[in-house]
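Novice: Next up is a structure, given as structure tokens.
The values are calculated or read from the model by the stated rules, or taken from the named source; none is laboratory data. Computed from a predicted structure; not experimentally measured. In this analysis, Cβ positions are derived from the backbone assuming ideal geometry, glycine residues included, and neighbour counts consider all displayed protein chains. Remember, those area values only see protein heavy atoms, side chains included, never the ligands or the DNA or RNA. Shrake-Rupley method; radii C 1.70, N 1.55, O 1.52, S 1.80 Å.
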Amino acid sequence: MNHKGLLIVISGFSGAGKGTLMKKLLEDYEQYALSISMTTRAPREGEVDGREYFFSTREQFEDKIKQGGFIEHAQYCGNYYGTPKDYVEKQLEAGKDVILEIEIQGAMKVKEQFPDAILLFVMPPSIAVLHQRLVGRGTETEEVINQRLQRAEEEAVGIEGYDYIIINDDLDTCVKELHELLTKTHEAIQTQYNPVNYEKLIENIRTELTSLVKGEK
Ligand code: ADP
Ligand code: 5GP
């Protein structure tokens, strides 16, 4: 049986509710490990270094790129964001399901490196609601909100590259749906249908086929 955890990627437009959704998912269910990214963006009010992000300078970030310390990294609205390698590898080995809450370029890089990763895109119920949430959060200037909406327009082109779409209308419903979807996917991939769980069967089939071809009984 394969005990390695699943790699789950969550993306979505800024303001769709990814952060809120992740916080509730982790509060409600124990089996998930959320990767904490490194970023050069300034902390928002209430954000704590090492909890929401590892906040760094551009120099520190670029050093870590050179050291090969990231699974992926990307630029988003003028800042670097990246997924540190160590934590993800350790948690997957320990059998945890690791969640990366990252933007679309990073998501595609992860898919190349980990073809088994599950890619989910969180959608707002409407663009009007997205706009309200982004403004209502009160953490960005109007200029930055506009940059993020422009970025959303670009990201919308890549949504088909994801495996699943989940709509974040009512938060509690969305968290439940997300957990159910991940549980089902986990079962399908890791127990029922994955060849790694049929080692003995495959070995026997090979031996029997060889015997048959050789004309042995
Ligand atoms: P993201 O991480 O995708 O940029 P946030 O999690 O910061 O988005 O959410 C943006 C704003 O929308 C926050 O103020 C948050 O409280 C609010 N929000 C998130 N999900 C919901 C929801 N299901 N219903 C109402 N408000 C929500
Ligand atoms: P925010 O500034 O709102 O926290 O994040 C901006 C965007 O960066 C979001 O789309 C978020 O998912 C993405 N992001 C956060 N961490 C990472 C990361 O490690 N890698 C990549 N590629 N994107 C990230």
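Novice: Restricting attention to segment 22-61, report how many residues are touching a residue at least 40 places away in the same chain (Cβ under 8 Å) and either not hydrophobic (A, V, I, L, M, F, W, C) or not in a helix (DSSP H, G or I) (or both).
Specialist: 16
Novice: I need the helices (runs of 4 or more DSSP H) fully contained in segment 119-217, keeping only those with at least 2 residues that are closer than 26 Å to D28 by Cβ and more than 21 Å from the chain's Cα centre (by Cα).
Specialist: Hits in segment 119-217: 127-137.
Novice: Right, something else. Could you grab me the full set of residues in segment 1-32 that are more than 9 Å from ligand 1 (Cβ to nearest atom), of a type in the set (A, V, I, L, M) and surrounded by fewer than 19 Cβ atoms within 10 Å (Cβ to Cβ)?
Specialist: Scanning segment 1-32 gives M1, L26.
Novice: Is there a residue being at pLDDT below 95 and out of contact with any helix residue (DSSP H, G or I) (no Cβ under 9 Å at 6 or more places or on another chain) anywhere in segment 115-126?
Specialist: Checking segment 115-126: at least one residue is at pLDDT below 95 and out of contact with any helix residue (DSSP H, G or I) (no Cβ under 9 Å at 6 or more places or on another chain).
Yes/no matrix, rows are residues, columns are (1) within 18 Å of the chain's Cα centre (by Cα); (2) within 16 Å of ligand 1 (Cβ to nearest atom); (3) not aromatic (F, W, Y); (4) not in a strand (DSSP E or B):
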site: D63; (1), (2), (3), (4): no, no, yes, yes
site: G68; (1), (2), (3), (4): no, no, yes, yes
site: E72; (1), (2), (3), (4): yes, no, yes, no
site: Q75; (1), (2), (3), (4): yes, no, yes, no
site: G82; (1), (2), (3), (4): yes, no, yes, no
site: Y87; (1), (2), (3), (4): yes, no, no, yes
site: K90; (1), (2), (3), (4): yes, no, yes, yes
site: A107; (1), (2), (3), (4): yes, yes, yes, yes
site: V110; (1), (2), (3), (4): yes, no, yes, yes
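Novice: Mind checking which residues of segment 119-151 are open to solvent by 60 Å² or more (accessible area, probe 1.4 Å) and under 22 Å from Y162 (Cα atoms)?
Specialist: I127, Q150
Novice: Quickly run through segment 133-144 and pick out the residues that are touching a residue at least 12 places away in the same chain (Cβ under 8 Å) and more than 11 Å from ligand 1 (Cβ to nearest atom).
Specialist: V144
Novice: Specify the residue that is surrounded by the fewest Cβ atoms within 10 Å (Cβ to Cβ); the eligible residues are those in segment 75-112 that are among the β-branched types (V, I, T) and in contact with a Phe, Trp or Tyr (Cβ under 9 Å, 6 or more places away or on another chain).
Specialist: It comes out as V98.
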